[in-house]
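The values are calculated or read from the model by the stated rules, or taken from the named source; none is laboratory data. As the structure is a computational prediction, the values presented were derived from the model and not from experiment. A quick note on method: Cβ atoms are made from the backbone with ideal geometry, for glycine too, and the neighbour counts reach across all protein chains shown. These accessible areas exclude ligands, DNA and RNA; they are computed on the full protein's heavy atoms, side chains included. Shrake-Rupley method; radii C 1.70, N 1.55, O 1.52, S 1.80 Å.
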Amino acid sequence: MNDLKIRQKTEEMIAYGYTAVRQFPKAERHVLSQELRQTLWRLLRLIIICNRRYHKKTTLQDLDAELDLLRAQVRLGMQLGYLPFKKYEVWSRQLDEIGRMVGGWLRSTKQ
């Protein structure tokens, strides 16, 4: 199995995200937390698809856009008070690391 570092990091982030959104209030469990979980799975799906494709450019751009959406959702969860600042800090560090990997992947395909 071809294990990419970015895939491993994303799977770790999904596990962390699931524990973080478990503390959301009951009213938000089916709204913002559901959107966050769906975005996490779309991110992993795009990474797997991008790894398998020969022409990766458009899929990498979709992956980059999905990552920006996830960043905005996590930030909104923190601003609304559903996500404690410490969990937001850890999650955004993971997002930044994955973002740097996606940026490097994009640069390598442009060459």
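Here are a few things to note about the model shown:
- Paramagnetic reach from A27 (point 7 Å along Cα→Cβ, amide N under 18 Å) across the range 64-102: 76-84
- T109 sits with roughly 60 Å² accessible to a 1.4 Å probe, with DNA, RNA and ligands left out of the calculation.
- Lysine pairs in the chain whose alpha-carbon atoms fall under 28 angstrom of each other, counting only those eight or more residues apart or on distinct chains, come to 14.
- The sum of -39500 (n - 2.57) across all DSSP H runs of n ≥ 4, divided by the residue count of the chain, sets its helix-only mean residue ellipticity at 222 nm to -27500 deg cm²/dmol.
- Helix 5-21 axis versus longest C-alpha principal axis of the chain: approximately 10°, rounded to the nearest ten.
- Range of Cα positions in the range 65-108 per principal axis (Å), largest first: 38, 18, 8
- Evaluated with a Cβ-only charge set (Lys, Arg +1; Asp, Glu -1), the chain carries a dipole of roughly 200 debye about its Cα centre, given to the nearest 20.
- Largest-first ordering by accessible area, 1.4 Å probe, given options I14, I48: I48, I14
- Estimated vicinal HN-Hα couplings, Hz - the range 89-105 in sequence order (Karplus 6.51, -1.76, 1.60; Gly, Pro = x): 5, 5, 5, 5, 5, 5, 5, 5, 5, 5, x, 5, 5, 5, x, x, 5
- Alpha carbon convex hull of the chain, volume per residue in cubic angstrom: 92
- Percent accessible area from carbon and sulfur atoms, the range 34-111, protein chains only, probe 1.4 Å: 51
- Nearest 10 degrees, 0 to 90: helix 57-79 Cα axis against the chain principal axis: 20
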